[in-house]
Amino acid sequence: MGSVAGIKVFIHWTFAILIAYIVFSDYLRGYGAEKMGWSLLFVLAIFATVFLHELGHALTAKRFGIRTLDITLLPIGGLARLESMPEKPSEELKVALAGPAVNVALAALTWLFIDMPGPSELPALMEAGMSADNFFLNFFMVNMWLALFNLIPAFPMDGGRVLRALLSMRYERHVATNIAARVGQILAVGFVFAGFVVNPFLTFIGLFVFLGAQAEAEQTQAQALLRGYKVRDVMMKQVPSLEAGAPVKTAVDMLLNGQSRNFLVVEAGRPVGTLSRDEIIKALAEGGEQAIVRSVMSRGLVTLGPEQSLEEVYKQLHMKKPALLLVEEQGRVAGVLDAENILEFIMVREALMGKKA
């Protein structure tokens, strides 16, 4: 859709399905073109709201030197991909609260344009189909709901991050994350059971929250296990490499005859790119075994120093997912590193810590 404050904004293709669903639902209810138009306008207003919510997170994070890669609008909400969350609890608290604060501000602004109906009139207005009479009322209600829903103390909602930030003021970050994740999972189980009694959609929310809390806890635990270690501690010193002028068949043979899934591509002894297993398979499907490695490799080499923090590199891999990272020392190739290397190191650390416990 473009960029705002240097942040790329995307709308997922499933948004078109949502539009079609709304038009079809209004048609089945017998609504005319006018009400359909108001319904579509309301959906666009909600997506604008979700965008502003995510932008609130992004701009607040920017104040603390954290870049937002992009914002994607989905039928179930928005996703702002921050490079990382602030480590300081007070900063994370501000970033987490920024999104719901936007919704509260929008609700307060909308309040100026509505006459709040009484309890007996409210259900009829909300169920009458979208129109000029209830547009701002619905917009107010949705913003209040979004603010409250996002403040549920469970990952991946903002409330989970608020709870972690508050707990981090007393406990180490990974301990605070584990506590917040467990609280979220208990709430998620409650949502799942409530879904069987009240509304099946609550079951979907419960599963979403449960898995989101688990993923957040695992990622934070991994970062804690990597803290204090350097790239040198984990890098592969035997570098699996391919000549840029070689056919893809050579890459296939190396893939099948060894354990490596990612390869460094060299030309005249110098690194010029990388080639992953997925890229090899794609090259085979599109160009066959005789395609040249140079034409199918990834050229964006990411170079590390051996003394760089392994925790920071893990965050980089998690966000950008390059196939292979090149480690250079004093102008020469010292080794390579990929996600599998780091995951194996995490497994070893977990096993050793489990044995000590």
*Please identify, among 330, 290, 316, the residue showing maximal mean-square fluctuation in a Gaussian network model of the chain using a 10 angstrom Cα cutoff.*
330
*What is the distance in Å between the Cα centres of the range 156-226 and the range 279-293?*
42
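With +1 assigned to the C-beta of every Lys and Arg and -1 to the C-beta of every Asp and Glu, and no other charges, what is the dipole magnitude of the range 158-225 about the Cα centre in debye, to the nearest 20?
Numbers: 5 positive and 4 negative charges, 32 e Å.
In debye, rounded to 20, the range 158-225 gives about 160.
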*the chain: most fluctuating residue of 214, 223, 259 per GNM, C-alpha cutoff 10 Å*: 259
*Karplus 3J(HN,Hα) series, Hz, for the range 176-192 with 6.51 cos²θ - 1.76 cosθ + 1.60 (x for Gly, Pro)*: 4, 5, 4, 5, 4, 5, 5, 4, x, 5, 5, 5, 4, 4, x, 4, 4
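Mind giving me the FRET efficiency for residue 347 and residue 112? R0 is 45 Å, r the Cβ-Cβ distance, nearest 0.05 is fine. Kindly include the intermediate steps, with their values, before the conclusion.
Values: r = 56 Å, r/R0 = 1.25.
The computed FRET efficiency comes out at 0.20.
Can you work out the accessible area per residue across the chain, with the rest of the protein chains kept in place, probe 1.4 Å, in square angstrom?
On the way: 19520 Å² over 357 residues.
About 55 Å² of surface per residue is accessible.
I'd like the antiparallel share, as a percent to the nearest 5, of DSSP beta bridges with both residues in the chain. Spell out each step's value before the answer.
On the way: 24 of 34 bridges.
About 70 percent, rounded to the nearest 5.
If I compute solvent accessible area with a 1.4 Å probe over the protein chains, what percent of it on the chain is carbon and sulfur?
Values: 12080 of 19520 Å².
After summing per-atom areas, the C and S share lands at 62 percent.
In the range 221-357, what percentage of the DSSP-assigned beta bridges are antiparallel, given to the nearest 5?
Details: 15 of 21 bridges.
The answer is about 70 percent antiparallel.
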_Spelling out what I want: for every residue of the range 201-212, take phi, set θ = phi - 60°, compute 6.51 cos²θ - 1.76 cosθ + 1.60 (Karplus), and round to whole Hz; glycine and proline get x._
4, 5, 5, 4, 4, x, 5, 4, 5, 4, 5, x
*Return the sequence-ordered ³J(HN,Hα) values of the range 306-314 in whole Hz as given by the Karplus equation 6.51 cos²θ - 1.76 cosθ + 1.60 applied to θ = phi - 60°, using x for Gly and Pro.*
x, 9, 5, 5, 5, 5, 5, 5, 4
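Using the structure shown, list the pairs from 8/62; 8/315; 62/230; 230/315 with a Cα-Cα distance above 25 Å, or answer none. Kindly include the intermediate steps, with their values, before the conclusion.
On the way: 8/62 14 Å; 8/315 20 Å; 62/230 27 Å; 230/315 14 Å.
Over 25 Å apart, Cα to Cα: 62/230.
Taking the Cα centre of the chain as origin, work out the dipole magnitude from +1 charges on Lys and Arg Cβ and -1 charges on Asp and Glu Cβ, in debye rounded to 20. Present the calculation step by step, with values, prior to reporting the outcome.
Numbers: 32 positive and 33 negative charges, 175 e Å.
That gives a dipole near 840 debye.
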*Highest-MSF residue in the chain out of 267, 216, 312 [GNM, Cα springs under 10 Å]*: 267
*asked:* Name the residue from 4, 239, 109 whose Cα lies farthest towards the positive end of the charge dipole of the chain, charges +1 on Cβ of Lys and Arg and -1 on Cβ of Asp and Glu.
replied: 239
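The values are calculated or read from the model by the stated rules, or taken from the named source; none is laboratory data. Fair warning: this is a prediction, and the values are worked out from it, not measured in the lab. Cβ coordinates were reconstructed from backbone atoms using ideal geometry, including for glycine residues, and neighbour counts include every protein chain displayed. What goes into the accessible areas is simple: the full protein's heavy atoms, side chains included, and nothing from ligands, DNA or RNA. Shrake-Rupley method; radii C 1.70, N 1.55, O 1.52, S 1.80 Å.
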